[in-house]
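A.B. asks: Quick one: the structure is below, and I'll ask about it shortly.
The values are calculated or read from the model by the stated rules, or taken from the named source; none is laboratory data. Owing to the predicted nature of the structure, the values given are computational and were not obtained by experimental measurement. Reconstructed Cβ throughout: ideal geometry from the backbone, glycine too, with neighbour counts over all protein chains shown. These accessible areas exclude ligands, DNA and RNA; they are computed on the full protein's heavy atoms, side chains included. Shrake-Rupley method; radii C 1.70, N 1.55, O 1.52, S 1.80 Å.
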Amino acid sequence: MIENSIRTKALASSALTALIGDKLHFTVNHNSDDSYVLLSVITDDTPIEIHMEDNQSEALIQFDCYSKLPATAKAIAKELDNIFNKQGFVDDEVNVQLALKQGRIPDFETGSHLYRESYEYIFKYHTINNEV
């Protein structure tokens, strides 16, 4: 589950946690009312392994950055960009070779009165096999 690795990597950034604390969520069922990120996995495709090769997976991830102030929503999105765009990382679960920003969707949520900056990223990665 690449989303857990992405969350851990993002929350390791002191610049991001200064803006959102630990409020990076996977579902809408949370109690954050200002300055948070909703991470959604849009697709996560792993090709069929041929001859037991370690094939590269590709995940389309959407980050929705919410805040009462538009400047804060943009600052959250900028920090995510600094962490992930054209970057890779490795942890115990995945080896991300590259993340590429795909698109931006600015919005205002009338019901919650929050500004939203949404970005989609493509993460190209391999799952790390921890079998002995």
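A.B. asks: Just name the residue that is farthest from Lys68 (Cα to Cα) out of those in the range 1-35 that are touching a residue at least 40 places away in the same chain (Cβ under 8 Å), open to solvent by 30 Å² or more (accessible area, probe 1.4 Å) and of a type in the set (A, V, I, L, M).
C.D. replies: Per the stated criteria, the residue is Met1.
A.B. asks: Another question, if that's okay. Within the range 57-78, how many residues turn out to be within 14 Å of Ala99 (Cα to Cα) and not polar (S, T, N, Q)?
C.D. replies: Here the count works out to 5.
A.B. asks: Any residue at all in the range 65-75 that's open to solvent by 10 Å² or more (accessible area, probe 1.4 Å) and part of a strand (DSSP E or B)?
C.D. replies: Yes, some residue in the range 65-75 is open to solvent by 10 Å² or more (accessible area, probe 1.4 Å) and part of a strand (DSSP E or B).
A.B. asks: Still on this structure, I have one more. Being among the basic types (Lys, Arg) and at pLDDT 95 or above is the filter here, so list the residues in the range 54-82 that pass it.
C.D. replies: Across the range 54-82, the qualifying residue is only Lys78.
A.B. asks: Let me ask something additional. Tell me, yes or no, whether the range 87-96 has at least one residue that is farther than 20 Å from Met1 by Cβ, in contact with a Phe, Trp or Tyr (Cβ under 6 Å, 6 or more places away or on another chain) and either modelled with pLDDT of 90 or more or of a type outside the set (Val, Ile, Thr) (or both).
C.D. replies: No: the range 87-96 contains no residue that is farther than 20 Å from Met1 by Cβ, in contact with a Phe, Trp or Tyr (Cβ under 6 Å, 6 or more places away or on another chain) and either modelled with pLDDT of 90 or more or of a type outside the set (Val, Ile, Thr) (or both).
A.B. asks: Within the range 120-129, does at least one residue satisfy the condition of being in a loop (DSSP other than H, G, I, E, B), of a type outside the set (Phe, Trp, Tyr), modelled with pLDDT under 95 and within 20 Å of Asp45 (Cα to Cα)?
C.D. replies: yes
A.B. asks: Note down all Cβ pairs under 8 Å where the first residue falls in the range 71-82 and is under 18 Å from Ile61 (Cβ atoms), the second is in a helix (DSSP H, G or I) and among the small types (Gly, Ala, Ser), and they're at least six residues apart or on different chains.
C.D. replies: What qualifies is Glu79/Ala15; Leu80/Ala10; Asn82/Ala15.
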